[in-house]
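Visitor: Pasting a structure here, questions to come.
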Amino acid sequence: MNREHIRAIWRKEMLETLRDKRTLYMMVLLPLVIMPLLVLAGPVMMERQFRQSAEIPAKVLWIGSEAPADLAAMFAGVDGIEWLLDPGLTEAEARERLANGDIDAAIALADSSSYAMDEGTLELEVIFDASRSGSTRAVSRVEALLQVWSERITAERLAARGLPGSLVEPVRIVAFHDITPDPDGFLGGMLLASLLPLFGALGAVAGGMYTALDAGAGEKERNSLESLMMAPVSRTSLVLGKFAAIWTVTFAAVALMILSMTVSVIYLLPRLMSDAELALRITLFDALALFVLMGLFVALSSAVQLSMSVYARSFREGQAYMTVLTFAVMLPGMYVSFGGLESSYALWTYAVPVLNVLLVFQETLTATGSALHWIITLVSLAVSAAAALGLALYCFKKENVVFRA
Amino acid sequence: MIHATGLEKRFGTKVVVKGIDLRVEPGEVVGLLGPNGAGKTTTLRMLSTTLLPTAGKATIAGYDVVREPEKVRTSIGVLPTDPGLYGRLTAAENLRFYGKLNGMHGSQLEKRIDELLEQFGLKEVKNERTDTFSKGMKQKVALARCILHDPPVLILDEPTAGLDVLASRGVIHFISEARRQGRAILFSSHYMLEAERVCDKVAIIGDGRILASGSIDKVCRQANASTLEDAFIALAYGESAAAGVAQ
């Protein structure tokens, strides 16, 4: 092993990488622009859509008979509902108007209704179209208003009989007390915990993919590997130089990804959304530990990608292997991100590379981690990264791999 | 300088090189001539340590190709069939990279790079990326890379393949110059005219075996032919093929 050789090979690979637009896209554009856009666009668009729809009044039509005067007055005086009266209209005609989109919901008095001001029940039928969000929203508003109206009538009836309101309200929650010590910080941590592991894992594969492909399959395809093998460089130095370059590029991509996602979720998202407040409260030690964790994970992915790359006959074959690797990382990433925020896992799962990174990452962000989980994870990653590096070295020493074409 | 005895290479059950003996001394150019698939490139790869011989022994500049591969590699300059340059690096960067791998650095390396680029007429394009170069220019950079560290042995695999007349002439001139400098040169080719022009000795290889070797006159006599090309056809393809070509 020769440090000068390792440095020369690392420098050559970095120079080639920095002059390759594909790598720059994966290393810089993807984490700094594409991923944050993906994360921010969804919630912001949803909120905008929600706000716009909240501003449009729901058209609710009363049909079949006269509505009780006080109920009609209440509906007519409420923002967010356009109250339409057409007692002469049949239910079939109302359905047709609903289907045409002229109204959002229709209300009719049920045949069984026996309502009077001081007794009986006003039984109503609501006609709506569940396939239209405007119609379901109208029904929700109608239900909420009817609830208010119902409570008022109940109170009036009880008062008329000299009875207290508590007679029909045996239970009532008067306050909610949230004991989360730092709700904004907890929410920020939870939100990041559901996103960062998956995106970080993706970055660990995609970030340095083209550098890895170039370092093995690319060299084979350009016929430069043979010349390099004839230079007075030990295979160990050769592999370490290439590995160091892939690690550098991938780690830079992952670090950019983590930083840009954190800034997007914690600082940009609340400012783009109306009144959300988020914060991230992790210690400097936790942050450094997470970077060490990702450093080891990137070492593992870099060594695996280098082995795959030199094994591949061509750049295209190498790309096919990398695609499989991406999916192999995405599956546990999706499981942990979307399925297991509050789950507890058996101790052995922390010995499984990839899965352990995602779990420990998530636990640290939600302040639920344990030292034992960290130790098992770091040892497992270090051992598997060393094994993967050994595999890469083995591949570079095997002539039937190097000359596999 | 290059001594090989009983060199053999198997890939699975297929024996590609079957006990080759070769000697190349300092200041000597030996042409390894054979048709496609005869085992030329495999032999050169064994001598340049990228393939391990299955049997036999070879030393280069006194170093064993199996036991001391890194020392062998410091003593050889190799030109593979394809120049294998890094297209996104400039001519100077390509040479600088290989210079560092050969233990050169600083002003000594920069001086040597400038000297070689001047010698090969590439000084004007020193800082241009090699993926913009013509095939002949790429071959010149690869030749410069070959002698960058001033090795005593050169191994050239079909150095003129695919080059135009002018570029081929440049390569032949390079080989002659390297011989004058006292280097031992082994090069493979299937162009007989250029072998006749530049080689002190030839070894004709067919089906993984040396069929004839020695000076051009000796090989011609052995094949009962008047030119190296006739001798090559008679030895590599058989008497009947030679007769067919004559008709």
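Visitor: Simple spin-label model, 7 Å along Cα-to-Cβ: A:Arg3 to B:Arg10 in nm?
Guide: That separation, rounded to one decimal, is 4.5 nm.
Visitor: Can you return the lysines within cross-link range of B:Lys100? Criterion is Cα-Cα under 21 Å, with same-chain partners fewer than 8 residues away left out.
Guide: Qualifying lysines at Cα under 21 Å: A:Lys12, A:Lys242, B:Lys71, B:Lys111, B:Lys123, B:Lys126, B:Lys138, B:Lys140.
Visitor: Beyond a 23 Å Cα-Cα separation, which of these cross-linked pairs lie in this structure: A:Lys398/B:Lys201; B:Lys14/B:Lys57; A:Lys398/B:Lys14; B:Lys14/B:Lys135? Write down the numbers at each step before the final one.
Guide: Numbers: A:Lys398/B:Lys201 34 Å; B:Lys14/B:Lys57 20 Å; A:Lys398/B:Lys14 18 Å; B:Lys14/B:Lys135 34 Å.
Flagged as over cut-off: A:Lys398/B:Lys201; B:Lys14/B:Lys135.
Visitor: For segment B:51-170, what class follows from the C-alpha gyration tensor (a ≥ b ≥ c being the square roots of its eigenvalues): rounded when a/c is under 1.5, otherwise prolate if a/b is larger than b/c, else oblate?
Guide: oblate
Visitor: Given an 8 Å cut-off on Cα distances and at least 6 residues of separation, report the relative contact order of chain A as a percent. Each step should come with its number before you reach the end.
Guide: Values: 527 pairs, mean separation 84.4, N = 405.
Reported relative contact order: 21 percent.
Visitor: Next up: Can you list which of the trypsin sites (Lys or Arg not before Pro) found in segment A:231-335 are DSSP loop residues with at most 15 other C-beta atoms within 10 Å?
Guide: A:Arg281, A:Arg313
Visitor: List the residues of segment B:56-78 that lose 30 Å² or more of accessible area once all protein chains are present, compared with their chain alone (1.4 Å probe, heavy atoms only, no ligands or nucleic acids).
Guide: Residues meeting the cut-off: B:Glu70, B:Arg73.
Visitor: Moving to a separate point now. In Å², and per residue, what accessible area does segment A:89-177 have when probed at 1.4 Å with the other protein chains present?
Guide: On a per-residue basis, segment A:89-177 sits at 66 Å².
Visitor: Can you bin segment B:9-90 into rounded, prolate or oblate? Criterion: square roots of the alpha carbon gyration tensor eigenvalues sorted a ≥ b ≥ c, rounded for a/c under 1.5, prolate for a/b above b/c, oblate for the rest.
Guide: Values: a/c = 1.43, a/b = 1.19, b/c = 1.20.
It comes out rounded by the Cα gyration axes.
Visitor: Output needed for segment B:86-132: three equivalent-ellipsoid semi-axes, defined as square roots of 5 times the C-alpha gyration tensor eigenvalues, in descending order, whole Å.
Guide: 17, 13, 7
Visitor: In Å², and per residue, what accessible area does chain B have when probed at 1.4 Å with the other protein chains present?
Guide: Averaged over the residues of chain B, the accessible area is 43 Å².
Visitor: A further question on this structure: For segment B:200-225, list residues with backbone N below 18 Å from a point placed 7 Å from the Cα of B:Thr54 toward its Cβ?
Guide: Taking a point 7 Å out along Cα→Cβ of B:Thr54, the residues of segment B:200-225 whose backbone N falls under 18 Å are B:206-210.
Visitor: Kindly list the residues of segment A:251-274 that lie in the label zone of A:Val44, defined by a backbone N under 12 Å from the point 7 Å along the Cα-to-C-beta vector.
Guide: The answer is A:264-265, A:268-274.
Visitor: Assuming a ≥ b ≥ c are the square roots of the Cα gyration tensor eigenvalues, decide whether segment B:139-227 counts as rounded (a/c under 1.5), prolate (otherwise, with a/b larger than b/c) or oblate. Could you put the intermediate results ahead of the total?
Guide: Values: a/c = 1.98, a/b = 1.68, b/c = 1.18.
Note, shape of segment B:139-227 comes out prolate.
Visitor: HN-Hα J couplings of segment B:59-76 from phi, Karplus 6.51/-1.76/1.60, θ = phi - 60°, integer Hz, Gly and Pro as x?
Guide: 3J(HN,Hα) across segment B:59-76, in whole Hz: 10, 10, 6, x, 9, 7, 5, 8, 8, 10, x, 5, 5, 4, 5, 6, 9, 10.
Visitor: Assuming R0 = 30 Å, can you tell me the calculated FRET efficiency for the pair A:Ala287 and A:Gln319, based on Cβ-Cβ distance, to the nearest 0.05?
Guide: The computed FRET efficiency comes out at 0.30.
Visitor: Averaged over all directions, how much area does the convex hull of the C-alpha atoms of chain B cover when projected, in nm²?
Guide: Projected area, direction-averaged: 13.8 nm².
Visitor: Can you tell me the 0 to 90 degree angle between the C-alpha axis of helix A:284-311 and the longest principal axis of chain A, rounded to 10?
Guide: 60 degrees
Visitor: Residues of segment B:137-157 that become at least 50 Å² less accessible with every protein chain present than in their own chain isolated, using 1.4 Å: which are they?
Guide: none
Visitor: For segment A:1-58, report the accessible area per residue in Å² (1.4 Å probe, heavy atoms, rounded to an integer).
Guide: 65 Å²
Visitor: For the pair A:Met190 and B:Val66, what calculated FRET efficiency results from E = 1/(1 + (r/R0)^6), where r is the Cβ-Cβ distance and R0 = 56 Å, to the nearest 0.05?
Guide: The pair B:Val66/A:Met190 has a calculated efficiency of 0.40.
Visitor: Note the angle between two axes, namely the Cα long axis of helix B:106-119 and the longest principal axis of the Cα atoms of chain B, as a number of degrees from 0 to 90, rounded to the nearest 10.
Guide: Taking Cα atoms only, the helix is inclined about 60 degrees.
Visitor: Related question: What area, in nm² and to one decimal, does the C-alpha convex hull of segment A:57-168 cast on average over all directions?
Guide: 7.3 nm²
Visitor: Also, quick follow-up: Stokes-Einstein at 37 °C, 0.692 mPa s, Kirkwood radius from Cα pairs: D for the protein assembly as shown in µm² s⁻¹? Could the numbers behind the result be given before it?
Guide: Details: Rh = 31.2 Å.
Translational diffusion coefficient: 105 µm²/s.
Visitor: Same structure, new question: Treat each spin label as a single point 7 Å out from the Cα along the C-beta direction, and report the B:Arg209 to A:Glu123 distance in nm.
Guide: The answer from the label model is 10.7 nm.
Visitor: May I pose another question? Using only Cα atoms and rounding to the nearest 10 degrees, what angle (0 to 90) does helix A:355-365 make with the longest principal axis of chain A?
Guide: Approximately 60 degrees, to the nearest ten.
Visitor: Tell me the total accessible area that A and B bury against each other, 1.4 angstrom probe, in square angstrom rounded to 100. Let's see the in-between values first.
Guide: Numbers: alone 21450 and 11970 Å², together 30870 Å².
Buried area (both sides, nearest 100 Å²): 2600 Å².
Visitor: Can I ask one more? Could you check how much of the accessible area of chain A is carbon and sulfur, as a whole percent, using a 1.4 Å probe?
Guide: 64 percent
Visitor: With a cut-off of 14 Å, note down the residues of segment A:121-139 whose backbone N falls inside the zone around a label point 7 Å from the Cα of A:Ala110 toward its beta carbon.
Guide: From segment A:121-139, the list is A:121-127.
Visitor: Can you give the alpha-carbon Rg of segment B:112-151 over 2.2 N^0.38 Å, where N counts its residues?
Guide: Normalised Cα radius of gyration, segment B:112-151: 1.07.
The values are calculated or read from the model by the stated rules, or taken from the named source; none is laboratory data. Because the structure is a prediction, the values reported are computed rather than measured. Quick reminder, even Gly has a Cβ in these numbers, built from the backbone with ideal geometry, and neighbours come from all protein chains shown. SASA here: full protein model, heavy atoms, side chains in, ligands and nucleic acids out. Shrake-Rupley method; radii C 1.70, N 1.55, O 1.52, S 1.80 Å.
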